[in-house]
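Notes follow once the structure below has been shown.
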Amino acid sequence: MKILGIESSCDETAASVVQDGRIVLSNVIASSLEEHKLYGGVVPEIASRRHAECISSVVDEALANADCTLQDIDAVAVTYAPGLIGSLLVGVNFAKGLALAAKKPLVPVHHIRGHIASNYISCDIEPPFLCLVVSGGHSHITAVKSYTEFEIIGKTRDDAAGEALDKAGRTMGLAYPGGVSIDKLSPEGDENKYTFPHPRVSNSMYDFSFSGLKTSVINTVHNAHQKGEDIKTADLAASFQKAVVDCLVDNFELAARNYGYTKLAIAGGVSANSKLRAQAKDMCDKNGFELFLPQMKYCGDNAAMIASQGYYEFMAGSRAGEGLNAYATMPIDKAVF
Ligand code: KG4
Ligand code: ZN
């Protein structure tokens with residue numbers, strides 16, 4: 001069975017054809033990231049315009065690279081939530097038109113469920129497992145009970161991990177996205193040079209809070225400026241990255257132990273982080289857990305993960321009509337459309 005996936009929730013316009021949920025036949029991504037760098041973050045207006053300009057050719061290319069026509073496709077899967085509303089609407093409306101014209105079923109896909117599916121196209125993993133989902137907008141510890149059933153065990157109370165890394169990167173004067181810049185610079189720094197708080201969240205052993213860490217890095221930079229002291233940015237980047245990764249891996253370990261999961265996976269843009277990947281591996285080796293990681297090319301936003309999850313949603317009977325809308329927010333465990 002071949003699913004055409006379409007993704008446009010942020011600044012990547014992507015299309016992909018995936019066979020039987022696991023075999024990626026094509027994976028095309030057009031990104032407007034370079035334009036957003038000028039402004040230090042994604043400008044929603046620009047992102048939507050670029051989606052509208054290139055979605056048609058991105059889909060054509062994905063079909064051509066998979067050696068397919070629209071008629072060879074069994075269903076069209078599209079990200080409908082969560083994300084930037086103007087961006088999502090371009091993908092949703094394009095997918096609706098395509099499905100209607102070609103008389104193919106339309107399958108709505110939750111973006112974060114898609115990120116989790118990046119593991120299905122990267123490794124041999126099947127639910128149930130525990131997944132740490134860390135992206136620019138989300139930080140969740142999610143029990144993946146089946147391909148379409150999820151339970152949130154822990155979540156961020158404020159900023160997402162990627163958001164905290166991006167904001168910290170900006171404070172340090174690094175290029176957007178800060179998460180990528182911090183990962184690149186950290187090996188040159190001393191991660192024990194600065195100590196950041198390790199926040200504990202009341203009433204939950206598994207929730208995260210990153211806003212205090214972010215304030216702390218801003219204060220460190222301002223205090224140094226006021227005292228006329230030099231800061232070695234690599235030390236600050238490495239220390240901040242350590243603080244974020246420690247929080248993520250500690251809670252992940254605790255949740256796995258307490259809920260009895262031995263199969264663990266990571267997903268989302270921050271899953272590309274080299275320290276997170278290494279530290280999660282060490283934690284899993286220590287506990288005798290099995291760790292699954294998405295291939296680097298599937299960590300960031302892409303449509304192959306949407307087509308993969310779309311396959312499992314399709315098999316579970318999920319279909320949308322022409323009234324499908326896009327939503328800026330939507331919980332992963334109670335996703336509706
Ligand atoms: O999943 P994603 O591409 O988009 C969302 O759905 O949000 O995640 C983007 C986030 C950004 O915050 C970016 O800084 C972060 O992923 N990111 C990284 C790395 N690569 C991307 N953070 C840390 N280390 C990386 N190597
Ligand atoms: Zn994403």
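Per residue, how big is the convex hull of the stretch 32-108 when only Cα atoms are used? Give it in Å³.
Expressed per residue, the convex hull around the Cα atoms of the stretch 32-108 is 89 Å³.
Rounded to the nearest 20 debye, what is the charge dipole size of the stretch 1-84 about its Cα centre when +1 sits on each Lys and Arg Cβ and -1 on each Asp and Glu Cβ?
160 debye
Using the Cα centre of the stretch 215-279 as origin and beta-carbon charges of +1 (Lys, Arg) and -1 (Asp, Glu), tell me which of Thr233, Thr220, Ala272 is placed farthest towards the positive end of the dipole.
Ala272
Please return the longest stretch of the chain lacking exposed loop sites, where GluC sites (Glu not before Pro) count only if DSSP places them in a loop and at most 16 other Cβ atoms lie within 10 Å.
1-228
Fewest to most neighbouring Cβ within 10 Å: what's the order for Met1, Met330, Met305, Met315?
Met1, Met315, Met330, Met305
Across the stretch 253-300, what fraction of all alpha-carbon pairs, as a whole percent, falls in each successive 5 Å bin from zero upward?
Final binned percentages: 5, 22, 31, 23, 14, 5, 0.
With 10 Å bins from zero, work out the P(r) of the stretch 202-269 over every alpha carbon pair and list the percent per bin.
16, 39, 26, 15, 5, 0
Please report, in whole Å³, the volume per residue of the convex hull around the C-alpha atoms of the stretch 210-337.
About 171 Å³ per residue, rounded to a whole number.
Let me know the Kirkwood hydrodynamic radius for the stretch 150-209, please, with Cα pairs as the basis and the value in Å to one decimal.
So the Kirkwood estimate lands at 13.2 Å.
If you average the C-alpha positions of the stretch 133-178 and of the stretch 220-265 separately, how far apart do those two centres end up, in angstrom?
Comparing the Cα centres of the stretch 133-178 and the stretch 220-265, I get a distance of 13 Å.
Of the DSSP beta bridges with both residues in the chain, give the percent that are antiparallel, rounding to the nearest 5. List each step's numbers first, then the result.
Working: 27 of 44 bridges.
If I count the DSSP bridges inside the chain, around 60 percent turn out antiparallel.
Of Pro177, Tyr261, Pro44, whose Cα points farthest to the positive end of the dipole of the chain (charges on the beta-carbon: +1 Lys, Arg; -1 Asp, Glu; origin at the Cα centre)?
The residue sitting farthest along the positive end of the dipole is Tyr261.
Debye sum, Cα scatterers, the stretch 148-292, no solvent: what log₁₀ I/I(0) at q = 0.16, 0.19 1/Å?
-0.85, -1.15
Stokes-Einstein D for the chain at 4 °C, 1.567 mPa s, Kirkwood Rh over Cα pairs, in µm²/s?
Stokes-Einstein gives a translational diffusion coefficient of 64 µm²/s.
Share of Cα-Cα pairs in the stretch 66-177 beyond 23 Å, in percent? Write out the running numbers ahead of the final one.
On the way: 2896 of 6216 pairs.
So the portion of pairs separated by more than 23 Å is 47 percent.
For the chain, what is the mean residue ellipticity at 222 nm derived from helices alone (per DSSP H run of n ≥ 4: -39500 (n - 2.57); sum divided by total residues; nearest 500 deg cm²/dmol)?
Theoretical 222 nm ellipticity from helices: -13500 deg cm²/dmol.
Please enumerate, by chain and number, the lysines with C-alpha under 27 Å from the C-alpha of Lys286, excluding those fewer than 8 residues away in the same chain.
In chain and number order, the partners are Lys145, Lys155, Lys184, Lys193, Lys242, Lys263, Lys275.
Across 5 Å bins from the origin, how do the percents of Cα pairs in the stretch 1-136 run, short distances first?
The distribution over the stretch 1-136 is 2, 11, 20, 22, 21, 14, 8, 3, 0, given as percents.
Tilt of helix 44-65 relative to the longest C-alpha principal axis of the chain, in degrees (0 to 90, nearest 10)?
50 degrees
May I ask for the angle, rounded to the nearest 10°, between helix 304-315 and the longest principal axis of the chain, with both axes built from Cα atoms and the value confined to 0 to 90°?
The angle comes out near 60 degrees.
Taking the Cα atoms only, what angle lies between the long axis of helix 211-227 and the longest principal axis of the chain, rounded to 10 degrees?
Approximately 40 degrees, to the nearest ten.
What does the net charge come to around Arg22 if you take all other residues with beta carbon closer than 11 Å to its beta carbon, with K and R at +1 and D and E at -1?
Residues near Arg22 contribute -3 overall.
Treating cross-link reach as a plain straight distance, find the aspartates and glutamates whose alpha-carbon is under 16 Å from the alpha-carbon of Lys281, omitting any fewer than eight places away in the same chain.
Partners within reach: Asp246, Asp250, Glu253, Glu290.
Bear in mind that the values in this text are calculations on the coordinates, not laboratory data. Values in this document were obtained by computation on a predicted structure and should not be read as measured data. Counting neighbours? That spans all protein chains shown, and the Cβs are built from the backbone with ideal geometry, glycine included.
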